[in-house]
Every structure is written in structure tokens, then in C-alpha cells.
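The values are calculated or read from the model by the stated rules, or taken from the named source; none is laboratory data. Values in this document were obtained by computation on a predicted structure and should not be read as measured data. Heads up, the Cβs are rebuilt from the backbone with ideal geometry, glycines too, and the neighbour counts pull from every protein chain shown.
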Amino acid sequence: MATQYLDNTNHRSQAPGDTASVRFNGTAVYVYGAKRPNFGAYNISVDGSQGERHDAYAPAGQEGDGLFKQLLFSRTGLDEGTLHEIVLTNSAREDEERQWFDIDYIVWTSSVNTDAVPTNFDDVHPSWDYKGVWTATTQGYTYNKTGQ
């Protein structure tokens, strides 16, 4: 299953209220993750907005147990030159069975006319800020042998 994720890594939560945030400069942001049978609700806010509630549920299919590398959220038209912050929250309720939520990767774009240099933001990169009970692993199948 780890190979279903970009660079064989993901960041996952099973505790309602957990948050992950990242700061970036750009005009658009795209959040990717999995949609699976045991996945539930999450909120995404940009720049302190109230946030939008989404559902990461997908039924098990013939190809496996969910959909991977799925666009979970996008926002375009952000101000160039402004430091933006996106906050992802596991918003499942305590009494719900589907409490899992994960993040595969985030892409942001800029209108600045420069050559793009791809950068991996692994889960230990200082741009990520985790709050709550995120699951950490050091198994060899994840990128840099780290996982959150």
C-alpha cells in the first residue's frame, strides 16, 4: 500500500482535532491524499478562514481498498508575494467509525516567471507543523525512512 503514495510516504491521523499546517508563497495550492473506506471528515482552511468540511470516504473497489493521489482540496487566486498558511484538521467526531485522514502531498504554484525547482517536503521538513496525535513510523518503505 505504501507504493500507492507519492515517494511511498504519507502523513496520517486517526484522532479528531489533529492538525497539520504548512506555509508557502504562491497563487494556488492543491492538497492530495487518499480516499478510503475507513477515512472520514476533514477541514481545510487557508489564511485563517473558517475552513471547508470535506469527506475522504471512498468504498473499497476491485483494485484495492480505496483511491490514492486524489485531489482533496484546491484554492486558486491567492495573492502573490504573501505568505499563506493552509491548516488541515481531522474533523471526524469521536462517535464516528471513520476517523482516519491522510495527506500525501501538497503542490503550490506561483505566477513569478522563474524556473521551478522541485523540492521534497518530507514529514520532518521544518515547513510542516503537526499538532495532536499523528502516527510516526521509521519503517524502510517510507521516504527517508520517516513517516507521520
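Figures for the structure shown
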item	result
Residues located in the stretch 29-58, provided they are among the hydroxyl-bearing types (Ser, Thr, Tyr) and under 12 Å from Ser91 (Cβ atoms)	Tyr42, Ser45
Matching entry among Lys145, Lys131 (being touching a strand residue (DSSP E or B) at 6+ places or on another chain (Cβ under 7 Å), modelled with pLDDT under 85 and either over 19 Å from Ala20 (Cα atoms) or surrounded by fewer than 15 Cβ atoms within 10 Å (Cβ to Cβ) (or both))	Lys131
Residue within the stretch 45-60 that is in contact with an Asp or Glu (Cβ under 9 Å, 6 or more places away or on another chain), hydrophobic (A, V, I, L, M, F, W, C), within 23 Å of Pro126 (Cα to Cα) and at pLDDT below 90 present	no
Selection within the stretch 13-31 - in a strand (DSSP E or B), of a type outside the set (Val, Ile, Thr) and surrounded by 20 or more Cβ atoms within 10 Å (Cβ to Cβ)	Ser13, Ala20
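Yes or no, residue by residue, for (1) surrounded by 19 or more Cβ atoms within 10 Å (Cβ to Cβ); (2) in contact with a strand residue (DSSP E or B) (Cβ under 8 Å, 6 or more places away or on another chain); (3) farther than 22 Å from Tyr32 by Cβ; (4) free of Cβ contacts under 8 Å to residues at least 60 places away in the same chain:
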residue: Gln62; (1), (2), (3), (4): no, no, yes, yes
residue: Phe68; (1), (2), (3), (4): yes, yes, no, no
residue: Leu78; (1), (2), (3), (4): yes, yes, no, yes
residue: Ala92; (1), (2), (3), (4): yes, yes, no, no
residue: Asp104; (1), (2), (3), (4): yes, yes, no, no
